[in-house]
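What follows is a set of notes on a single structure, which appears directly below.
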Amino acid sequence: MHKRQFIKDILLTTIAAPIGLKGLANTFNEKSKVPASVLAKDDAFWESIRNQYLLKPDYINLENGYYNFLPTLLLDKYITHIKEVNYQGSYYMRTVQFDNKKKIVARLAGIAGCTPEELIITRNTTESLDLVIGGLDWETGDQAILAHQDYGAMQDMFKQVQDRHGVVLNFISVPNHPKDDEEVIAVYENAITPQTKVILVSHMINISGQILPIKKICAMAHSKGVQVIVDGAHAFAHIQYQISELGCDYYAASLHKWLSTPLGAGMLYINKSRVAGLWPLLADGEKQKEKIGRLNHTGTHPVHTDLTINDSIDYFEMIGAARKEARMRYLQLYWSDQVRNVPKILLNTPAAADRSCGIANVGIEGIEPGKLAERLLKEFKIFTVAIDYANIRGCRITPNLYTTTAELDQFVLALKTLAMG
């Protein structure tokens with residue numbers, strides 16, 4: 001890159017200086033009486049959030065689902081924590097490390113809707129779910145139900161359990177456009193047999209954004225003596241709920257997605273009644289089986305990431321769960337409603353507002369998903385990710401709070417242009 005272009009790019013991404021958490025909080029307080037659904041449509045207001053991000057000018061980023069990178073004020077906090085831990089060294093690790101982690105777990109449990117005794121911090125959803133899937137006491141002939149639409153790493157772990165313990169895997173397929181909750185519940189219920197031990201279910205399907213009726217699925221499963229593991233990677237800090245009200249046995253999420261922590265932070269909820277029945281992923285010295293801490297042995301790890309979770313919670317609470325969900329849903333429906341009935345454009349996400357939020361998936365007849373993603377980037381400077389499996393053929397579109405309707409207008413124009421061939 002030429003020096004002149006480099007300087008130009010830096011200037012483009014730093015025109016609006018961040019005003020800090022306190023300044024942002026004041027901005028949100030001024031709108032405290034404005035309904036979340038109304039504020040969601042106020043682009044001028046959400047510019048204050050956009051200004052907190054250092055955005056690469058090369059493309060419009062509509063692939064925030066993999067990693068919700070940090071706004072600058074959280075990035076600065078993260079760097080400060082790295083410096084402080086490096087400054088204190090072993091002193092920090094041997095003195096206040098574990099007390100700090102307990103305090104962060106307590107705050108995390110507060111927004112998750114569970115007790116601190118039921119929550120541990122992990123590195124990501126995959127580690128959390130693998131701990132549960134691999135930690136259950138399996139017997140030959142036990143059955144597990146999972147969906148073709150579930151995350152691939154979870155399917156891989158179940159296949160390992162199948163090979164190792166003789167577990168029978170029963171795959172179902174979630175309809176892309178169910179007529180009601182009962183249709184989804186029936187798909188899982190009809191797969192249950194007397195040998196079924198557990199169901200894995202996605203709270204928000206990662207490839208389509210469809211929200212599943214978790215509370216009803218859990219109630220149905222428990223009535224038949226079946227445990228439920230919930231993959232909440234994309235739901236946590238995205239839509240509003242309390243884990244304690246879902247009725248699930250296990251719930252996992254990645255905090256570096258919608259809570260916007262640094263990479264390498266996740267969480268796992270385990271209902272108190274299930275803690276003693278799990279084997280840890282890594283052995284721990286704790287001998288009391290009912291204590292969740294014995295499942296959280298990680299060895300030496302980047303504790304500065306844990307510390308930044310606290311700052312990310314501050315940021316999340318400043319925005320407000322209701323306001324965030326409303327804005328994310330508004331952004332998704334803003335673009336998807338404009339193309340839902342356009343010839344050759346296929347939406348793989350339910351139209352009903354309560355069945356999705358910020359994530360949706362779109363395809364175009366006659367264009368392979370990989371080619372669609374390639375053309376969106378090359379011809380229109382829009383970055384997405386292609387999905388081509390489990391009855392989902394298209395590109396997953398995940399805006400973030402910093403995304404503008406002007407950017408989504410460019411995306412809509414791109415889709416219509418490509419659909420016309």
Scan of the range 49-77 for residues that are surrounded by 19 or more Cβ atoms within 10 Å (Cβ to Cβ), in a helix (DSSP H, G or I) and in contact with a Leu (Cβ under 7 Å, 6 or more places away or on another chain), ordered by number: ILE49, LEU73
Here are ILE172, ILE133, ILE121, ILE111: which of them is in contact (Cβ under 8 Å) with a residue 24 or more places away in the chain and farther than 21 Å from SER254 by Cα? ILE172
Restricting attention to the range 235-256, does a residue exist that is acidic (Asp, Glu), surrounded by 21 or more Cβ atoms within 10 Å (Cβ to Cβ) and in contact with a Lys or Arg (Cβ under 9 Å, 6 or more places away or on another chain)? yes
Top-ranked residue in the range 111-129 [being touching an Asp or Glu at 6+ places or on another chain (Cβ under 7 Å) and β-branched (Val, Ile, Thr); ranked as surrounded by the fewest Cβ atoms within 10 Å (Cβ to Cβ)]: ILE121
Here is a list: GLY225, GLY209, GLY141. Which entry is at positive phi and either crowded, with 18+ Cβ neighbours inside 10 Å or touching a His at 6+ places or on another chain (Cβ under 8 Å) (or both)? GLY209
Take the residues in the range 30-42 that are surrounded by 15 or more Cβ atoms within 10 Å (Cβ to Cβ) and at pLDDT 95 or above, then tell me which one is farthest from the chain's Cα centre (by Cα). LEU39
Please indicate, with yes or no, whether at least one residue in the range 403-418 is within 30 Å of ARG123 (Cβ to Cβ), in contact (Cβ under 8 Å) with a residue 24 or more places away in the chain and not polar (S, T, N, Q). no
Residue that is farthest from ASP314 (Cα to Cα), among those in the range 14-28 that are at pLDDT 80 or above and within 25 Å of the chain's Cα centre (by Cα): PHE28
Residues being charged (D, E, K, R) and touching a strand residue (DSSP E or B) at 6+ places or on another chain (Cβ under 7 Å) - total across the range 184-225: 1
The one condition GLY232 fails out of (1) closer than 18 Å to ASP130 by Cβ; (2) touching a Ser or Thr at 6+ places or on another chain (Cβ under 8 Å); (3) modelled with pLDDT of 95 or more; (4) surrounded by fewer than 23 Cβ atoms within 10 Å (Cβ to Cβ) is (4)
Among residues of the range 204-251 being free of Cβ contacts under 8 Å to residues at least 40 places away in the same chain and under 22 Å from GLY394 (Cα atoms), the residue nearest to the chain's Cα centre (by Cα) is ALA235
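Here's the yes/no breakdown for (1) assigned by TED's automatic domain parsing to the domain that holds PRO399; (2) in contact with a helix residue (DSSP H, G or I) (Cβ under 9 Å, 6 or more places away or on another chain); (3) small (Gly, Ala, Ser); (4) not in a helix (DSSP H, G or I):
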| residue | (1), (2), (3), (4) |
| --- | --- |
| CYS248 | no, yes, no, yes |
| TRP279 | no, yes, no, yes |
| GLY285 | no, yes, yes, yes |
| THR305 | no, yes, no, no |
| MET328 | yes, no, no, no |
From the list VAL34, VAL38, VAL85, which one is in a helix (DSSP H, G or I), free of Cβ contacts under 8 Å to residues at least 60 places away in the same chain, out of contact with any strand residue (DSSP E or B) (no Cβ under 9 Å at 6 or more places or on another chain) and not charged (D, E, K, R)? VAL38
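The values are calculated or read from the model by the stated rules, or taken from the named source; none is laboratory data. Being a predicted model, the structure only gives us computed values, none of them experimental. Note that we place each Cβ from the backbone using ideal geometry, even for glycine, and neighbour counts take in every protein chain shown.
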